[in-house]
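Reading through the structure tokens given below for one structure.
Taken together, the values in this text are just the output of simple stated rules run on the coordinates, not laboratory data. Every value quoted in this text rests on a predicted model; they were computed, and no experiment measured them. Cβ placement follows ideal geometry from the backbone for every residue including glycine, while neighbour counts extend to all protein chains displayed.
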Amino acid sequence: MSRRRYPLQPLTKAFLAVLGLTAILWILRGLSVLAFVPGLVIWLLILLCFGLGIVSSLQRIR
């Protein structure tokens with residue numbers, strides 16, 4: 001396995017983790033497996049994804 005030239009920053013890892021969690025939660029809620037999860041939780045996760053994505057991209061520019 002080849003190594004990455006530039007390792008992922010901690011904020012990028014957090015962004016990818018929250019994005020994956022949001023996608024899994026959204027899919028499972030759509031399939032009614034996790035129907036008890038309120039919509040507010042999904043909206044908060046989506047907003048957190050946007051925030052972490054912006055901060056992560058700004059960190060990479062710097």
Answer from Ser32, Ser57 - the residue that is polar (S, T, N, Q) and outside any helix (DSSP H, G or I): Ser32
Return yes or no: is Leu44 surrounded by fewer than 15 Cβ atoms within 10 Å (Cβ to Cβ), at negative phi and of a type outside the set (Lys, Arg)? yes
Report, by residue number, each residue of region 4-29 that is surrounded by 12 or more Cβ atoms within 10 Å (Cβ to Cβ) and not in a helix (DSSP H, G or I). Leu8, Gln9
